[in-house]
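Asker: Here it is, the structure, as structure tokens.
The values are calculated or read from the model by the stated rules, or taken from the named source; none is laboratory data. Everything quoted here is computed from the prediction, not taken from an experiment. A quick note on method: Cβ atoms are made from the backbone with ideal geometry, for glycine too, and the neighbour counts reach across all protein chains shown. Remember, those area values only see protein heavy atoms, side chains included, never the ligands or the DNA or RNA. Shrake-Rupley method; radii C 1.70, N 1.55, O 1.52, S 1.80 Å.
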Amino acid sequence: MTAPTSPPAGLTADQARRRLAETGPNAIEDRESGGLAATLRGIATEPMFLLLLVAAGLYLVLGDLGEGLLLAGFAVVTVGLTFFQERRSARALDALRELTVPQVRVIRDGRVQRLPARELVPGDLFLFSEGERIAADGLLRDAVGLSTDESLLTGESVPVRKAAWPGSDRPAALPPGGDDSPFVFASTLVVAGHGLAEVVATGRHTAVGRIGASLAAIATEATPLQRQLGRLVRLFGGAALLTCVGLATWWGLTRGDWMQGLLSAIALAMAMLPEEFPMVLAVFLAMGGWRLARLKVLARRPAVVEALGAATVLCVDKTGTLTENRMQLRRLVNDAADVEAAPGAELPEEVHRLAEFALLASQRDGLDPMDRAVLALGDAALRGSEHLHPDWRLAREYPLTPALLAMAQAWTAADGRRWLAAKGAPEAIFDLCHLPPERREALLARVRDLAAQGLRVLAVAEGRHDGRAEHDGQALPEHPHAHGFKLLGLLGFADPLRASVAEAVAQAREAGIAVAMITGDHAATALAIAAQAGLDTAAGALTGADLAALDDAALDAAVRRVRVFARVSPEQKLRLVQAFKRNGETVAMTGDGVNDAPALKAAHVGIAMGVRGTDVAREAAGLVLLDEDFGHIVAGVRMGRRIFDNLRKALVYIAAIHVPVAGLALLPLLFGLPPLLLPAHVVLTEMIIDPACSLAFEGAPEDPRVMRRPPRRAEHGLIDRGLLLEGLLQGALLLAAALAIYALALQAGRAVDVARTLAVIGLTAGNLLLVAATVSAGLGLRTLLQPGARPLWIVAVAAAASLAAALWWPPLRGLLHFGLPAAADLGAALLAVALAVAAGAVLAARFRASDR
């Protein structure tokens with residue numbers, strides 16, 4: 001690569017604004033996002049809505065205009081409630097999409113800026129490196145070892161080599177595929193090297209846009225949990241259909257009243273259909289993702305919201321996660337001096353050469369925090385000295401590789417001579433310098449001493465090459481080992497521990513979660529930081545070399561004890577994740593690089609870094625940590641546990657409430673009693689069930705002990721037989737109470753409408769008490785006084801007001817076939833359902849305790 005003598009300026013902000021207005025955003029239409037019409041279309045096909053319309057039509061055929069209009073009104077209200085729930089979820093998902101908008105490094109007004117990729121315009125200069133997806137079609141102006149995967153466009157999985165276009169003009173466009181092309185294409189992946197390109201096409205005008213392939217628009221498969229709920233709803237739906245057909249036929253043949261049979265069958269179908277299951281899952285996952293995003297944890301896939309709360313091991317990186325990733329160059333050490341560096345202070349002459357070549361070995365437009373720390377200190381400390389070389393030209397880069405944990409840059413001086421600067425892991429630099437064993441051991445002891453102080457240590461070396469400038473890159477060998485290097489000294493970087501980490505580690509430990517640090521740093525540095533963070537360091541550190549020498553059985557035994565892993569390569573992270581999983585752990589894993597993707601994919605919960613993470617890592621992970629703070633991972637676990645607890649409670653409630661509603665629609669008919677529940681009564685009950693699920697349970701307060709209990713066992717899924725039995729038990733008791741109220745009222749000589757009123761009021765009160773009992777299960781009734789319980793009270797007040805209006809307004813009372821009950825009867829009915837719900841809550845608590 002030949003670097004320009006002066007950095008490119010790129011477009012100005014004004015130019016970019018004008019071009020954005022002319023060409024539009026750099027985006028392809030996303031077919032996933034649905035508008036108002038799509039939402040209404042989905043509601044119109046809901047079984048509950050269709051059943052309401054059929055019932056309203058039957059009433060109109062019978063000439064009962066009032067009841068027909070009442071059900072039509074209920075249908076409108078149902079549409080409104082469903083629309084509110086779906087748009088609430090959609091707004092939460094839209095907010096998450098805004099957070100997932102890809103970012104790109106752009107040169108504007110002469111400086112590198114990070115902007116949303118959709119703001120790119122033709123003529124922009126943008127930077128990319130290994131692991132990133134290219135944001136637009138572009139012409140390469142600069143490239144170092146660049147290869148891209150263009151299989152998205154060509155179908156060929158072999159990466160293609162790229163070469164920068166040497167001139168300032170623009171060549172004829174070339175199709176994707178083929179080596180040494182100067183063109184890069186939107187949505188393709190950088191698999192090696194880095195480059196600078198000029199945008200030539202954006203949005204629909206790119207190669208991927210022209211064939212209509214938007215990665216974001218690929219249809220998302222249903223999760224296993226969604227499929228499980230779908231099967232459950234279809235099972236109940238099929239049973240409801242058969243039962244209702246049988247009921248209508250039986251009633252029509254035995255009683256001769258086919259219309260009443262149809263209405264009773266419709267009421268039973270509405271009562272049996274558990275349509276809330278998929279709705280509550282969608283609401284909880286959308287709102288759960290939104291709540292996690294407020295904690296700076298972005299859920300890319302819904303399933304991880306469920307899995308996050310079950311994590312038993314958190315495998316985290318040190319730099320930027322436990323520490324602030326705010327590197328400062330604190331020590332410069334060579335044979336002549338050991339200097340404490342301070343921002344703005346001049347450096348003594350003894351370390352000028354060390355600082356000079358540390359600068360020459362750093363990328364000025366890179367994101368590496370240690371490069372930035374070197375540049376920040378070196379530019380200030382050496383300003384005006386002969387050790388800065390603004391006229392030197394970058395001739396070649398030797399990037400860091402797994403085989404050599406060091407990078408080097410070759411420079412052409414003004415007189416044509418070649419100089420090389422290298423920095424990296426001390427062991428790698430010592431190898432480049434071919435140090436004798438005794439010298440190497442003495443230096444490694446010095447490295448261990450600095451690392452034990454919590455410093456991250458790099459070594460710096462200089463080299464010379466005899467090739468002249470006229471040969472440019474051709475005279476430079478392919479590998480830095482071909483050069484002769486001389487060691488200049490060591491750099492010590494300080495990266496302070498985040499203030500929130502020690503408390504977060506303590507919370508994780510109290511919650512039964514082990515925290516393991518996996519880092520590429522020296523073992524002594526890792527142990528020093530781990531001790532500050534409060535991690536378990538009793539078993540010492542397991543290094544990458546130690547790990548490579550262990551077979552799987554020995555590694556499984558080691559990870560039961562060791563919590564600090566140092567000098568670990570990205571490839572070895574996968575072995576560690578697999579070892580934890582073989583031990584029965586539920587693993588959450590952080591990562592940021594291309595090579596971290598397999599480990600992120602293998603972990604139960606992959607967590608990519610939002611700032612320094614590559615696109616590949618983010619695509620492999622289920623979560624993205626937006627600000628890379630470990631404290632937010634623990635907060636995310638806490639939120640994941642709360643979401644899981646409340647979702648289970650909502651599903652218990654749904655299973656429970658459908659028992660009395662379906663039973664009261666069917667059993668009176670089988671027992672020879674007058675019909676109790678008509679379609680309108682079922683709809684009234686559903687209008688409590690739906691907001692209770694989407695508001696009261698979703699916003700319910702968390703269990704104060706949520707982080708003082710061990711993670712749930714992996715075999716305890718969201719829906720299991722025990723959960724359904726718990727709900728059916730509570731529902732059966734409420735059914736028995738409401739049915740007894742109806743039967744006893746009829747036996748006592750009360751009118752059918754009065755008996756129906758007592759039973760419906762009992763069902764409604766029992767419904768609300770069941771919500772309250774389920775929300776507060778295991779937490780105490782004081783939970784109902786917390787701010788998070790406010791939606792429950794709103795639902796209760798709205799339900800009470802609706803019933804009061806139905807009782808005291810004669811036209812509505814007539815439409816609902818209600819009568820005015822005596823106060824004593826009303827009190828007895830309320831007492832009966834309260835006792836039934838209380839008994840159900842006690843039995844459910846014992847059931848849960850025995851299940852543990």
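Asker: For region 526-553, which positions are in a helix (DSSP H, G or I) and open to solvent by less than 40 Å² (accessible area, probe 1.4 Å)?
Answerer: Selection gives A526, A528, I529, A530, A533, G544, L547.
Asker: Which ones in region 326-345 are charged (D, E, K, R) and surrounded by 13 or more Cβ atoms within 10 Å (Cβ to Cβ)?
Answerer: R326, R330, R331, D338
Asker: In region 150-173, is there at least one residue being touching a Phe, Trp or Tyr at 6+ places or on another chain (Cβ under 9 Å), among the β-branched types (V, I, T) and either free of Cβ contacts under 8 Å to residues at least 40 places away in the same chain or assigned to a strand (DSSP E or B) (or both)?
Answerer: Within region 150-173, the first condition is being touching a Phe, Trp or Tyr at 6+ places or on another chain (Cβ under 9 Å), and the residues that meet it are 150, 152-153, 162, 165, 171, 173.
Among the residues that remain, those that are also among the β-branched types (V, I, T) are: none.
No, that holds for no residue.
Asker: Something else now. Across region 486-517, what is the total count of residues that are open to solvent by 20 Å² or more (accessible area, probe 1.4 Å), part of a strand (DSSP E or B) and at pLDDT 90 or above?
Answerer: 4
Asker: Now for a different question. If only one of A410, A451, A406 is surrounded by 19 or more Cβ atoms within 10 Å (Cβ to Cβ) and over 25 Å from K318 (Cα atoms), which one is it?
Answerer: So the residue among A410, A451, A406 that is surrounded by 19 or more Cβ atoms within 10 Å (Cβ to Cβ) and over 25 Å from K318 (Cα atoms) is A410.
Asker: Spot the failing condition for T206; the list is (1) farther than 16 Å from P122 by Cβ; (2) touching a residue at least 12 places away in the same chain (Cβ under 8 Å), and only one is missed.
Answerer: Only one criterion in (1) farther than 16 Å from P122 by Cβ; (2) touching a residue at least 12 places away in the same chain (Cβ under 8 Å) is unmet by T206, namely (1).
Asker: Taking into account only those residues within region 554-564 that are among the aliphatic types (A, V, I, L, M) and open to solvent by 30 Å² or more (accessible area, probe 1.4 Å), which is farthest from the chain's Cα centre (by Cα)?
Answerer: Result: A554.
Asker: Within region 349-357, does at least one residue satisfy the condition of being open to solvent by 10 Å² or more (accessible area, probe 1.4 Å), over 23 Å from P390 (Cβ atoms) and out of contact with any Gly (no Cβ under 8 Å at 6 or more places or on another chain)?
Answerer: Checked region 349-357: at least one residue is open to solvent by 10 Å² or more (accessible area, probe 1.4 Å), over 23 Å from P390 (Cβ atoms) and out of contact with any Gly (no Cβ under 8 Å at 6 or more places or on another chain).
Asker: Looking at (1) in contact with a Lys or Arg (Cβ under 9 Å, 6 or more places away or on another chain); (2) in contact (Cβ under 8 Å) with a residue 60 or more places away in the chain; (3) among the hydrophobic types (A, V, I, L, M, F, W, C); (4) over 23 Å from A310 (Cβ atoms), find the lone condition where A539 falls short.
Answerer: The number of the failed condition is (2).
Asker: Out of the residues in region 136-155 meeting the condition of being among the aliphatic types (A, V, I, L, M) and modelled with pLDDT of 90 or more, tell me which one is nearest to the chain's Cα centre (by Cα).
Answerer: Here the answer is A136.
Asker: A further question on this structure: Working only within region 742-756, note down all residues that are open to solvent by 20 Å² or more (accessible area, probe 1.4 Å), part of a helix (DSSP H, G or I) and in contact with a Gly (Cβ under 9 Å, 6 or more places away or on another chain).
Answerer: Residues satisfying the conditions are V752, D753, V754.
Asker: Every residue in region 693-723 that is at pLDDT 80 or above, more than 22 Å from the chain's Cα centre (by Cα) and open to solvent by 50 Å² or more (accessible area, probe 1.4 Å), please.
Answerer: Hits for region 693-723 are P704, R705, R708, R709, P710.
Asker: What number of residues within region 134-149 are assigned to a strand (DSSP E or B) and of a type in the set (A, V, I, L, M)? Step through it out loud before you land on a result.
Answerer: Residues of region 134-149 assigned to a strand (DSSP E or B): 137-149.
Retained after the next criterion (residues that are of a type in the set (A, V, I, L, M)): 139-140, 143-144, 146.
Of the residues in that region, 5 qualify.
Conditions (1) in contact (Cβ under 8 Å) with a residue 40 or more places away in the chain; (2) more than 27 Å from the chain's Cα centre (by Cα); (3) under 29 Å from E397 (Cβ atoms), marked per residue:
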| site | (1), (2), (3) |
| --- | --- |
| L488 | yes, yes, yes |
| L491 | yes, yes, yes |
| A499 | no, no, no |
| A502 | no, no, no |
| A506 | no, no, no |
| A516 | yes, no, no |
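Asker: Identify all residues within region 594-625 that are surrounded by 19 or more Cβ atoms within 10 Å (Cβ to Cβ), at pLDDT below 85, not in a helix (DSSP H, G or I) and not hydroxyl-bearing (S, T, Y); write none if there are none.
Answerer: A608, M609, G610, G613, A621, G622, L623, V624, L625
Asker: Among (1) at pLDDT below 80; (2) open to solvent by 70 Å² or more (accessible area, probe 1.4 Å); (3) within 20 Å of A650 (Cβ to Cβ), which single condition is L779 missing?
Answerer: (2)
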